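Written below as structure tokens is the structure these notes are about.
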Amino acid sequence: MIRVDLNLLAHCLETRRLALRRFELCDAPALLELIETNRQHLERWLRWPVPLTTRAAVEAWLQRLQGPAKNLPLGMAVTLSATGELIGAAGLRLDREQPDSMLELSYFLSESALGHGYVSEAVECLTRHALEDLAAEDVQIRVDPLNERSVAVCLRCGYSLRSTLAADASGREQAVYGFR
């Protein structure tokens, strides 16, 4: 069973250009706008656990992120340090009910924020937080193998391909990258 010290979860992490901070309920309107503006881009690559199509659905999702950390959902707003603009989300998740569960890092950014190195910056920051502050032994990222940008981020950030999972009900495969 993987052990992570939940007492050390960060409320805010900063990089050279980004602030990654825990989502708050007041982020719901901005997050919904980001999702709606980028829905076609995001749905190409993401498997949404719940449809985030209304403010109420986004608020409920944000409340779950703030709830008990049984499955360690650390959802963070990814914002530009200079302006505070919300450009995406990133986080860590651990399914404690699965004995072989790995700490999983996930992210999404608005299409307009791509190509500036923000994803790599956020992934490096959260990976460092997981390994150094939370004492995780391993971190993984699952991506659609056809998402060339996400594959490049994994490789650029020092992750290596571990496996490719067979297509699920949606017909999509998942490439699993790990950092140890």
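Values in this text are rule-based calculations from the coordinates and carry no lab data. Everything numeric in this text was worked out from a predicted model, so none of it was measured. FYI the Cβ positions are ideal-geometry reconstructions off the backbone, even for glycines, and counts take in every protein chain you see.
Over the alpha carbons of the range 100-163, what is the largest minus smallest coordinate on each principal axis, giving the biggest first in Å?
If we take the Cα atoms of the range 100-163, the spans are 33, 25, 17 Å.
GNM, the chain, Cα, under 10 Å: largest mean-square fluctuation among ARG128, ARG44, ARG142?
In the Gaussian network model the winner is ARG44.
Given the options ALA113, ALA166, ALA28, state which has the largest fluctuation in a GNM of the chain using a 10 Å cut-off (strictly under) for Cα springs.
Of the options given, ALA166 has the highest mean-square fluctuation.
Quick check on the chain: helices-only [θ] at 222 nm, where DSSP H runs of length 4 and up contribute -39,500 (n - 2.57) each and the sum goes over total residues. Nearest 500, please.
-8000 deg cm²/dmol
Given R₀ = 35 Å, what would the calculated FRET efficiency be for TRP45 paired with ARG180, taking r from the Cβ atoms and rounding to 0.05?
After rounding to 0.05, the efficiency reads 0.90.
For SER163 and GLN66, compute 0.36 nm times the residue count separating them, minus their Cα-Cα distance, and round to one decimal in nm.
So the extension gain works out to 31.8 nm.
Pick from ARG55, ARG149, ARG16: which residue has the top mean-square fluctuation in a GNM of the chain where Cα pairs under 10 Å get a spring?
Looking only at ARG55, ARG149, ARG16, the biggest GNM fluctuation is shown by ARG16.
Given a cut-off of under 8 Å on Cα pairs at least six residues apart, what relative contact order in percent is computed for the chain?
21 percent
Fewest Cβ neighbours within 10 Å first, please rank ASP168, ASP27 accordingly.
In increasing order of surrounding Cβ atoms, one gets ASP168, ASP27.
Which ordering of HIS11, HIS116 is given by a fewest-first count of other beta-carbon atoms within 10 Å?
With the sparsest Cβ surroundings first, the list reads HIS11, HIS116.
Just the ratio, please: alpha-carbon radius of gyration of the chain over 2.2 N^0.38 Å, N its number of residues.
0.97
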